[in-house]
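Written below as structure tokens is the structure these notes are about.
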Amino acid sequence: MLNLNGMTSCAFLVFKKCWLGALEEEEKERRYCPMKTLKNEESLDEGQPLVEHLVELRARLLKIIGFVFLLFLPLLFFANDIYDLISEPLRNLMPPGSSMIATEVASPFLTPFKLAFVTSFFISIPFILHQIWSFVAPGLYSSEKKFIGPIFLTSIFLFYLGMAFAYFAVFPLVFDFFASVIPEGVSMMTDINRYLDFVLKLFFAFGLAFEIPIATIILVWSGAITLESIKNKRPYVIVGCFIFGMLLTPPDVISQALLAIPMWFLFEIGIFLCKIFKLEHL
């Protein structure tokens, strides 16, 4: 058996070493080579003209669209199976004899079709971010590349982690709550299209919420806000987390708390990482 704690510690130390090395290199470059820094900035300004940038941007957008479409075609044949997997947390809690229904004529076709497309987009996120990185990277310093590269990788992991948290932790609790408050004499028969919209909304909400540590680190590193200032704004951030949870989740206390509390916890993790990497000194 692999030692999970040991692997996590090693990965954290490697990430910290690369990050601090990139920050030190950038600081030395700015401190000891001001003329080189100015020359690099001038070379960036004198680089590709606007038209070439737009052509490259169009090419990368076409690659993204083509990649999503190539994933969408095979997933379309498994759309019903994917929907069965997504709807399993609800179907497991439905009373015996109950089933999901389609209230619109085209729902049995359009709903799995939409799910296959959204699934192909979710799977394509690493490729999409890679194309964005390839477009932006030539305009960055080498130290900035070493800093932002791990940020991109971590953001992908956190987004998928947020979706997994929603599916395995939030959905069972929320659907169990809904099933327990059904009035007597009312049958639980959820529309398949409404259910898909509901779970996609939660997937996006939790995926974006788990990006809070990345957003905190970028704000402090870029100088948009200081670490001390963001600490002083902690009460407002906590209130904002619950407002965000209220707006993006169903009108029940359980799902709101399950989104707001992890957001608060992830905000504290972002502050902790800023302290470790000493970003307040930049």
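Provide a single number: the residues in region 81-113 that are within 23 Å of GLY207 (Cα to Cα) and either crowded, with 17+ Cβ neighbours inside 10 Å or touching a strand residue (DSSP E or B) at 6+ places or on another chain (Cβ under 9 Å) (or both).
Residues flagged as within 23 Å of GLY207 (Cα to Cα) and either crowded, with 17+ Cβ neighbours inside 10 Å or touching a strand residue (DSSP E or B) at 6+ places or on another chain (Cβ under 9 Å) (or both) within region 81-113 amount to 7.
Could you tell me which of the residues LEU266, LEU227 is over 28 Å from VAL181 (Cβ atoms), in contact with a Pro (Cβ under 7 Å, 6 or more places away or on another chain) and of a type outside the set (Val, Ile, Thr)?
Answer to the check: LEU266.
Do we have any residue at all in region 157-164 that's under 30 Å from HIS53 (Cα atoms), loosely packed, with under 15 Cβ neighbours inside 10 Å and free of Cβ contacts under 8 Å to residues at least 40 places away in the same chain?
Within region 157-164 (the criterion being under 30 Å from HIS53 (Cα atoms), loosely packed, with under 15 Cβ neighbours inside 10 Å and free of Cβ contacts under 8 Å to residues at least 40 places away in the same chain), the answer is yes, since at least one residue qualifies.
Quick check, is LYS146 crowded, with 16+ Cβ neighbours inside 10 Å, in contact with a helix residue (DSSP H, G or I) (Cβ under 8 Å, 6 or more places away or on another chain), of a type in the set (Lys, Arg) and not in a loop (DSSP other than H, G, I, E, B)? Even if it seems obvious, please write down each step before you answer.
On the way: crowded, with 16+ Cβ neighbours inside 10 Å: yes; in contact with a helix residue (DSSP H, G or I) (Cβ under 8 Å, 6 or more places away or on another chain): yes; of a type in the set (Lys, Arg): yes; not in a loop (DSSP other than H, G, I, E, B): yes.
It is true that LYS146 is crowded, with 16+ Cβ neighbours inside 10 Å, in contact with a helix residue (DSSP H, G or I) (Cβ under 8 Å, 6 or more places away or on another chain), of a type in the set (Lys, Arg) and not in a loop (DSSP other than H, G, I, E, B).
Results for (1) over 18 Å from the mean Cα position of the chain (by Cα); (2) surrounded by 21 or more Cβ atoms within 10 Å (Cβ to Cβ); (3) assigned to a loop (DSSP other than H, G, I, E, B); (4) modelled with pLDDT under 85, shown as yes or no for each residue.
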residue	(1), (2), (3), (4)
TYR167	no, no, no, no
VAL174	yes, yes, no, yes
PHE177	yes, no, no, yes
ILE182	yes, no, yes, yes
MET189	yes, no, yes, yes
LEU200	no, no, no, no
PHE206	no, yes, no, no
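Scan (1) within 28 Å of GLY149 (Cα to Cα); (2) in a helix (DSSP H, G or I); (3) modelled with pLDDT under 85 for the single condition GLY245 breaks and write down its number.
Among (1) within 28 Å of GLY149 (Cα to Cα); (2) in a helix (DSSP H, G or I); (3) modelled with pLDDT under 85, GLY245 violates only (1).
I'd like the residue in region 229-275 that is touching a residue at least 12 places away in the same chain (Cβ under 8 Å) and either in contact with an Asp or Glu (Cβ under 7 Å, 6 or more places away or on another chain) or of a type in the set (Phe, Trp, Tyr) (or both) and, out of all such residues, is nearest to PRO213 (Cα to Cα).
So the residue we want is PHE267.
For region 81-108, give me each residue that is among the small types (Gly, Ala, Ser) and closer than 12 Å to TYR195 by Cα. Talk me through it step by step, then tell me what you get.
The first filter runs over region 81-108 and keeps only residues among the small types (Gly, Ala, Ser), leaving 87, 97-99, 102, 106-107.
Within region 81-108, SER87, ALA102, SER107 meet the criteria.
The values are calculated or read from the model by the stated rules, or taken from the named source; none is laboratory data. Just so it is clear, the structure is predicted and the values come from calculations on it, not from any experiment. A quick note on method: Cβ atoms are made from the backbone with ideal geometry, for glycine too, and the neighbour counts reach across all protein chains shown.
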